[in-house]
1. What number of residues within the range 93-139 satisfy the criterion of being in a helix (DSSP H, G or I) and either buried (at least 19 other Cβ atoms within 10 Å of the Cβ) or not hydrophobic (A, V, I, L, M, F, W, C) (or both)?
2. Can you give me the number of residues within the range 95-142 that are aliphatic (A, V, I, L, M), more than 21 Å from Trp56 (Cα to Cα) and touching a residue at least 60 places away in the same chain (Cβ under 8 Å)?
3. For Ser88, which of the numbered conditions (1) touching a helix residue (DSSP H, G or I) at 6+ places or on another chain (Cβ under 6 Å); (2) buried (at least 16 other Cβ atoms within 10 Å of the Cβ) fails to hold?
4. Inside the range 55-73, can you point out the residues that are in contact with a Phe, Trp or Tyr (Cβ under 9 Å, 6 or more places away or on another chain) and surrounded by 22 or more Cβ atoms within 10 Å (Cβ to Cβ)?
5. Would the range 109-122 turn up any residue that is polar (S, T, N, Q), over 21 Å from Val19 (Cβ atoms) and modelled with pLDDT under 90?
Amino acid sequence: MKLRYQILTGILLALIQGVCLNFFGDSKFLPNVILVITIIGIFIENDIQKWIVIAWIAAILRDISLSVYIGCGAISLLLTIWVLYLLSRWISNENIIGVFIEIITGTVFYYSFYWIISVLLGSTYSYFYAFNDWVYQMPINILLGLAFYFFMGKRAKEKRKKERFRYYS
């Protein structure tokens with residue numbers, strides 16, 4: 001994917017996140033679309049550089065338009081990508097259980113990093129206060145991730161199958 005398409009995808013993800021915020025309101029049931037699509041994209045495709053660019057652009061735009069601290073969400077998303085990339089060696093990307101594990105660990109790491117960075121910047125809310133929202137967001141993130149995995153995973157599996165049998169023809 002060319003850089004201009006990565007930038008457009010990042011802008012589109014930031015717009016989708018903003019539309020979800022307007023649709024659901026300031027609710028505990030707001031899915032983190034940027035986080036889920038980035039996790040599924042890294043999980044299915046092994047092109048981490050593409051997803052870092054997309055995630056960075058989408059998270060910066062979301063932080064500029066929707067957040068109190070600019071850059072806090074983007075840095076925590078990059079740290080989450082790094083941790084999930086290290087963990088992806090041990091998690092299979094061929095089944096649904098791997099998707100559950102990736103989304104749950106990704107959500108926990110993202111909000112933990114977000115809380116740590118915001119506390120370093122001067123926020124006063126506690127870790128358990130932040131954890132209250134995760135309980136409601138986790139099932140929605142898992143359902144959204146399963147939907148994206150179904151659509152993106154089908155295409156990636158067909159591509160891997162073609163590459164696997166290409167040398168035997």
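The values are calculated or read from the model by the stated rules, or taken from the named source; none is laboratory data. Since the model is a prediction, treat every value here as computed from it, not as a measurement. We place every Cβ from the backbone using ideal geometry, glycine too, and count neighbours over all the protein chains shown.
1. First, pick out the residues of the range 93-139 that are in a helix (DSSP H, G or I): 96-120, 127-139.
Okay, now just the ones that are also either buried (at least 19 other Cβ atoms within 10 Å of the Cβ) or not hydrophobic (A, V, I, L, M, F, W, C) (or both), so 98-99, 102-103, 105-107, 109-115, 118, 127, 129, 132-133, 136-137, 139.
Within the range 93-139, residues that are in a helix (DSSP H, G or I) and either buried (at least 19 other Cβ atoms within 10 Å of the Cβ) or not hydrophobic (A, V, I, L, M, F, W, C) (or both) number 22.
2. The total comes to 1.
3. Result: Ser88 fails condition (1) only.
4. Passing the criteria: only Gly73.
5. Yes.
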